[in-house]
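The values are calculated or read from the model by the stated rules, or taken from the named source; none is laboratory data. If you're wondering where the values come from, they're calculated on a predicted model, not measured in any experiment. When we count neighbours, we look across all protein chains shown, and the Cβ atoms used for this are built from the backbone with ideal geometry, even at glycine. Calculation scope for accessible area: heavy atoms of the full protein, side chains included, ligands and nucleic acids excluded. Shrake-Rupley method; radii C 1.70, N 1.55, O 1.52, S 1.80 Å.
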Amino acid sequence: QVQFVESGGGLVQPGGSLRLSCAASGSIFAIMDMGWYRQAPGKQRELVASITTRGNTDYKDSVKGRFTISRDNAKRTMYLQVNSLKPEDTAVYYCNKIPTIPRYWGQGTQVTVSS
């Protein structure tokens, strides 16, 4: 059984930065392709960044150049550095493997971008 716990969200002004963390239980973290997802009010959950077991990364076009995904397998933790935040980045951010497993969804961490 794997559990993910997200943290690091908060209220920031436009242009601000945050570092989100996803702590995983279970030794299989290192063999999972992982993703950061977000869900804004009234919208479907979407994948914003992904990282393979080998460290290859990919991003949703709207966050390229602003978000950076990384992982530390020894710490069973994945990160999302989010810079130059915009109001449209406001959402609850979640982590899960790729493809997702429904029972692995955690509580998420709220990111609110507002002046």
Whole-percent tail of the Cα-Cα distance distribution for the range 70-115, cut at 17 Å, equals 48 percent
Lysines within cross-link reach of LYS75: Cα-Cα under 21 Å, excluding same-chain residues under 8 positions apart? LYS97
Taking a probe of 1.4 Å, how large is the accessible area per residue of the range 36-107, in Å²? 56 Å²
What part of the accessible area of the chain, given as a whole %, is carbon or sulfur when the probe is 1.4 angstrom? 47 percent
Sequence order, the range 78-95: Karplus ³J(HN,Hα) from phi using 6.51 cos²θ - 1.76 cosθ + 1.60, θ = phi - 60°, Hz rounded, Gly and Pro as x, gives 10, 10, 9, 7, 10, 10, 6, 5, 10, x, 6, 7, 4, 4, 8, 9, 10, 10
Estimated distance in nm for a label pair at LYS86 and THR57, the labels positioned 7 Å out from Cα along Cα-to-Cβ: 1.9 nm
